[in-house]
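Participant: Take a look at the following structure, please.
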Amino acid sequence: MISFSIVICCYNSSSKIVKTLDSILNQKKADKIKYEVIIINNASTDNTELVVNEYICRYDIHARLINEYKSGLIFARKAGVEAAKNVITVFVDDDNILDDNYFEVLNDIFKKKKDIDFIGGASRLPDDYHVPDWFYKNSKSYAVGDQYNINRYLEKGEVLWGAGIAVRTKYLKNIFSKEFICIGRTSTIQLAGDDSEICYRLHLLNAKGYYLSTLKLVHNIAVDRISYEKLINMKIGFGASSPYLLLYKNLFSNKKSIKGSILNNHFCIGIILYIRLGMAKINNDRLLCAFYKGAINGFSNKLLYKRAKKIISSLEFNEI
């Protein structure tokens, strides 16, 4: 029987979490689907815990709240995975509003295609949002839109957004038992890319991924996040994680090993990154400049890069 653990990670979510919980409470045919809701309060400084507890008391939502005091989405997700009891774990962000057939679509696809191990879908902005023209060219940076053009199985190395992704729990428990590299902000660097790192590790466990466009949610992004300066900061974070994600991508090449790869040559990679930054400056491309500045900053951390190679090498095409 298919059963779901819905993991909602919260940080200062008191103003938006009710809409997310409402979207779960209002799921069609939810009474015919076995599920639990695990809400992770991740070091919030507002009254998120109070709002959630009041909601749980008021409605029959099969939910429980867990406090995770180590700040960072990856640590919140780990706490959720450790608590998950059901066959499939679904990551839902605190600004996600699930379409009312989300559970039904997930339940049907996992029953129909029994070989699927993880699946993601499409997202859209709320109907009343008015965004600048540049947003549509960069919507995927905000995890908005269609991830792929057609419904299909993923190829090795292809990734899905973490928002709304559904994964067989046994794979996540394996993945989160090991150290992650892209853990968000550290004392010296902001490393985005945890969604991609999760997907790369799923591929390394030979898990089979799928994209389904009819699996939909609304990404209720805070309006103040939709600014060009915020986008530039996001690109810096994406860039900072890119040298580490490249170590994963290399494993899906014909070599399938970090050893012997150009990624072992620190000097060569540094030269390439500086050349690309120079070209971006010549073309006056602010977003690419931000990305490569972030990449240079991330790559310059030699100790982290060395540790990342060691961690990823230990993961090479293991199976559970």
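Participant: Among the residues of the range 240-256, what is the count of those that are buried (at least 20 other Cβ atoms within 10 Å of the Cβ) and within 17 Å of W161 (Cα to Cα)?
Facilitator: Residues meeting the conditions: 4.
Participant: Could you figure out which of (1) within 23 Å of L287 (Cα to Cα); (2) over 18 Å from the mean Cα position of the chain (by Cα); (3) not in a loop (DSSP other than H, G, I, E, B) isn't true of S141?
Facilitator: Unmet for S141, out of (1) within 23 Å of L287 (Cα to Cα); (2) over 18 Å from the mean Cα position of the chain (by Cα); (3) not in a loop (DSSP other than H, G, I, E, B): (2).
Participant: Just give me the residues in the range 4-46 being among the acidic types (D, E) and either under 20 Å from N220 (Cβ atoms) or at pLDDT below 95 (or both), in sequence order.
Facilitator: D22, D31, D46
Participant: I've got another one for you. Quick one: what pairs do we get from the range 150-164, first residue buried (at least 16 other Cβ atoms within 10 Å of the Cβ), second outside any loop (DSSP other than H, G, I, E, B) and hydrophobic (A, V, I, L, M, F, W, C), C-beta under 6 Å, 6+ apart or different chains?
Facilitator: V159/C199; L160/C199; G162/F91; G164/L217
Participant: Say whether the condition of being of a type in the set (S, T, N, Q) and either assigned to a helix (DSSP H, G or I) or within 22 Å of V37 (Cα to Cα) (or both) is met by at least one residue in the range 121-136.
Facilitator: yes
Participant: Okay, moving on. When you scan the range 205-221, how many residues do you find that are open to solvent by 40 Å² or more (accessible area, probe 1.4 Å) and in a strand (DSSP E or B)?
Facilitator: So the count comes out to 2.
Participant: State which residue is most open to solvent (accessible area, probe 1.4 Å) when the search covers only the range 101-118 and only residues that are over 17 Å from T89 (Cβ atoms) and touching a Lys or Arg at 6+ places or on another chain (Cβ under 7 Å).
Facilitator: D115
The values are calculated or read from the model by the stated rules, or taken from the named source; none is laboratory data. Predicted model only: the values in this text are computed from it and were never measured. With ideal geometry, Cβ positions are generated from the backbone for all residues, glycine too; neighbour counts draw on all protein chains shown. Ligands, DNA and RNA are excluded from the accessible area calculation, which covers all protein heavy atoms including side chains. Shrake-Rupley method; radii C 1.70, N 1.55, O 1.52, S 1.80 Å.
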